[in-house]
Structures are given as structure tokens and as C-alpha cells.
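The values are calculated or read from the model by the stated rules, or taken from the named source; none is laboratory data. From a predicted model like this one, the values you see are computed outputs, not experimental measurements. Every residue, glycine as well, gets a Cβ built from its backbone with ideal geometry; the counts of neighbours run over all protein chains shown. With ligands, DNA and RNA removed, areas are computed over all heavy atoms of the protein, side chains included. Shrake-Rupley method; radii C 1.70, N 1.55, O 1.52, S 1.80 Å.
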Amino acid sequence: MRDETIDVLRDLVAIDSVNPSLVPGSAGEQAIAIHVESYLRALGIDVGVQNAAPNRPNVIGVIESKMRGPSLMLCGHSDTVGVEGMSAPFTPVERDGRMYGRGTQDMKGGCASILGAAKAIAKSGVKSGRVVIAIVADEEHSSIGAEALVKDWQCDAAIVCEPTDLNVAVGHKGFEWVEITTAGVAAHGSRPDEGVDAIALMGRVLNELEALDRKMPVHSLLGRASIHASLIHGGRELSTYPDRCTLHVERRTIAGEPPRITLREIETMLETLRGRDTKFNANARFMFTRSPYLTPENSPLPKLIARPTIAASFWTDAAILGEAGMDCVVFGPGGAGLHGIDEYVNIDEVITCRDVLIDVARRFCV
């Protein structure tokens with residue numbers, strides 16, 4: 001017999017929820033939020049909608065006991081990255097025990113596990129406390145959904161169902177974004193004595209970034225911090241010395257590092273380059289940050305889930321929930337093709353994840 005949770009997954013994948021902050025003009029989370037709200041209401045669950053921004057809704061369902069007790073949040077995000085290069089991103093295809101389509105792994109598979117668990121928990125109830133189902137917007141860009149969520153909702157603990165191959169992630173790195181701009185002097189390409197090449201100046205920055213990356217510190221669980229060049233733009237036309245070049249840099253941070261460490265490292269680097277050449281002109285601007293996260297050592301969740309513990313390679317909303325005071329782990333079904341053209345989730349892991357969530361919720365809320 002076909003498992004209903006897989007039908008839930010198919011329905012989620014079929015809804016375009018590409019993040020409009022990543023791809024301007026995209027559908028966003030409105031339609032999928034309406035679908036999730038309707039699904040939860042049909043189960044008799046108390047449901048609320050919270051707008052993180054216009055047309056960027058979170059959906060929150062609450063399954064509450066009549067007795068006071070512990071509270072557990074099951075959290076997922078409804079948005080996806082873009083679909084460029086995909087022929088039929090919103091047509092879910094099942095093949096060889098996998099479901100293909102945009103968002104199957106990241107993270108509509110996890111959302112389907114959460115919704116499937118919600119159905120079983122709503123039917124049986126919990127002995128005490130409450131289970132909060134939170135499907136939030138915008139994790140793929142700025143996590144305005146999670147930020148809005150924690151302003152109004154608090155739980156003792158949370159499971160974020162990002163893809164972990166059914167391992168329990170008890171930590172992950174953070175990240176910081178910095179913009180570097182080199183300034184040159186525009187001049188005709190035939191007049192080298194008048195021009196200063198801003199792109200060539202940026203080449204020096206790139207060399208220093210490579211050297212900095214080789215010196216990154218290492219955390220015993222999270223691994224090595226890193227820094228890389230992400231986006232670069234410069235120049236006007238072929239026959240003109242470029243007077244400006246802009247580079248966006250990302251640094252993956254580890255626990256124990258101070259906030260805005262990237263800006264300090266880059267400013268030190270630029271000062272060194274200025275000391276080598278008086279014509280070197282550059283500045284740096286801090287753009288954005290998200291903190292690393294470590295699950296508290298006394299959290300009961302890893303033992304309740306009883307799966308191997310790892311550190312996730314990617315950032316998740318667990319950091320925001322954790323900063324708000326919730327013990328968090330990341331646990332979800334695996335697959336491959338994260339943000340790629342051939343994205344898929346393992347169907348059996350979606351079902352296993354659901355069953356683990358049901359079991360943990362019933363044992364936590366006692």
C-alpha cells in the first residue's frame with residue numbers, strides 16, 4: 001500500500017515556491033503556505049499564519065495536551081532555490097526509490113516528514129505539553145521566516161528537518177559576507193601611464209584570500225573554517241582601464257570565533273597591500289552574518305533520536321532557534337543534488353524520518 005506521506009511530498013514538490021529574494025519575480029511561499037495551512041486544518045490542528053514579510057508567510061500548527069509539560073518544535077522551510085537548467089522542476093518523478101524535483105531534498109522531503117508526523121501526533125495526542133509544527137519562509141536567503149517565528153513562538157527544543165541522511169547533526173558552521181571594492185583610474189586602453197587597473201588590483205586581493213584560507217582555524221566537531229571568492233564584477237568596456245572592481249567574499253565560521261571576524265581579517269589584508277604599493281586603493285564593507293551553532297551537551301534530543309551524530313556542512317535555521325533559547329538538532333531524510341539540476345530525496349528515508357519524529361515527540365512530551 002502506498003504511504004500517504006509520499007503523496008504529501010508529491011503535492012509539496014508540485015507547488016512552485018522559489019524564493020523571490022534569490023530569483024526576483026519568483027512565486028515565493030504564498031501558495032505552498034496556503035496548502036500547508038489547509039492540510040493541517042483538515043487534521044483538526046490549531047493553525048496560525050504569520051507574515052514574515054508581505055506574501056512571505058510562516059505556517060504554525062499547535063498540537064497541545066490538556067496538561068502542562070515540555071514543548072517540542074518540528075521545523076522546516078517551504079522555499080527553494082531557483083530552477084534554471086531544470087526541464088520540469090515542479091513535476092515530481094519517482095524512480096528507483098527516489099523522488100526527483102526541485103526541493104525534494106532541500107527540504108520538502110523533511111517538510112513531508114513533519115506533516116506526516118503531525119497527522120499521527122494529532123490523532124494520538126501527547127501526554128503533556130505541546131508539539132509545534134513550523135513551516136517557515138526564506139531559509140534559502142535571509143531566514144526572515146525563522147527570525148519572525150522566534151519573536152512569537154518558543155519551545156524547549158526543536159528538530160530542524162534539513163537533509164542529514166538520517167544522522168543527527170549537533171552543530172554546523174556559520175557564515176559571513178563581505179564586499180571588497182578596489183578603485184583604479186579609468187583611462188583609454190592606449191594610455192597605460194594614465195590608467196590604474198582596478199581588476200588587476202583585485203587580483204592581489206584574490207592571492208591574499210587564497211593565502212588566508214590556508215591558515216583557517218579548525219574546530220574539533222565543525223571542522224575547518226574557510227573563505228572564498230563568490231562573485232566578482234568590474235570594468236566598463238574592452239578599451240578602457242577599469243576604475244572599479246567589486247568582489248563578494250564568503251567566510252564559513254566556526255564556534256569560538258568573534259563576530260565580524262571576516263571584516264577584520266580583510267581590513268588587515270588590505271592594509272598590508274596598501275603598505276606594498278601606494279597606488280593600491282581598496283575598502284571593505286560588512287554585508288551579512290549568521291552564527292555557527294552547537295547543540296547543548298545536555299540536550300536530550302540526540303539520545304531520543306538515537307542515530308549517529310555529525311556536524312552538518314551547511315548552515316540552518318537551527319542557529320536562529322538556538323539563539324532564541326531552544327535546544328536544537330538537525331535531522332532529516334537524505335538524497336542528493338542539493339541546489340542542483342538532478343535533485344532527489346530517498347523515499348524510504350522520508351518515511352523513516354516521519355516515524356522517528358512521531359516517536360521522539362511522544363517520548364519528549366511526557
Compute the normalised compactness of region 249-366: alpha-carbon radius of gyration over 2.2 N^0.38 Å, N being the residue count.
1.53
Viscosity 0.890 mPa s, temperature 25 °C, Stokes-Einstein D of the chain from Kirkwood C-alpha radius, µm²/s
111 µm²/s
Using 1/(1 + (r/R0)^6) with R0 = 56 angstrom and r between the beta carbons of D46 and S190, what's the FRET efficiency to the nearest 0.05?
0.15
Please work out the ratio of the alpha-carbon Rg of region 101-158 to 2.2 N^0.38 Å and round it to two decimals.
1.29
Rg in Å to one decimal, and Dmax rounded to a whole Å, for region 5-75 via C-alpha atoms:
14.3, 46
For region 117-231, what are Rg and Dmax over the alpha carbons, in angstrom?
24.1, 80
Roughly what angle does helix 261-276 make with the longest principal axis of the chain, taking Cα atoms, 0 to 90 degrees, to the nearest 10?
10 degrees
Is there a quick way to get the dipole size of the chain? I mean about its Cα centre, with the Cβ of Lys and Arg at +1 and of Asp and Glu at -1; what is the value in debye to the nearest 20?
780 debye
Could you tell me the accessible area of S299 in Å² (1.4 Å probe, neighbours in place), rounded to the nearest ten?
10 Å²
Can you tell me the accessible area per residue over the chain, all protein chains present, probe 1.4 angstrom, in square angstrom?
45 Å²
With all protein chains in place and a 1.4 Å probe, F175 shows an accessible area in Å² (nearest 10) of 20 Å²
Any chance you could count the Lys pairs in the chain whose alpha carbons are under 20 Å apart, treating pairs 8 or more apart or on different chains as valid?
7
What's the magnitude of the charge dipole for region 63-193 around its Cα centre, counting Lys and Arg as +1 and Asp and Glu as -1 at the beta-carbon? Answer in Debye, nearest 20.
800 debye
Excluding ligands and nucleic acids, what accessible area in Å² is computed for C155 using a 1.4 Å probe, to the nearest 10?
10 Å²
Compute the Rg/Rh shape ratio of region 157-286: radius of gyration over Kirkwood radius, all on alpha-carbon atoms.
1.12
Region 227-366: relative contact order from alpha carbon pairs under 8 Å, six or more residues apart, as a whole percent, is 14 percent
Which percent of the accessible heavy-atom area of the chain goes to carbon and sulfur, probe 1.4 angstrom?
50 percent
Helix 109-124 sits off the longest principal axis of the Cα atoms of the chain, rounded to the nearest 10 on a 0 to 90 degree scale, by 30 degrees
Nearest 10 degrees, 0 to 90: helix 198-213 Cα axis against the chain principal axis
50 degrees
With a point put 7 Å past each Cα toward its Cβ, work out how far S124 is from I34 in nm, to one decimal.
3.5 nm
May I ask you to rank E194, E265, E84 by accessible area, largest first, using a 1.4 Å probe over the protein chains only?
E84, E194, E265
Which whole number in µm²/s is D for region 214-269 by Stokes-Einstein, with the Kirkwood Rh taken over Cα pairs at 37 °C and 0.692 mPa s?
242 µm²/s
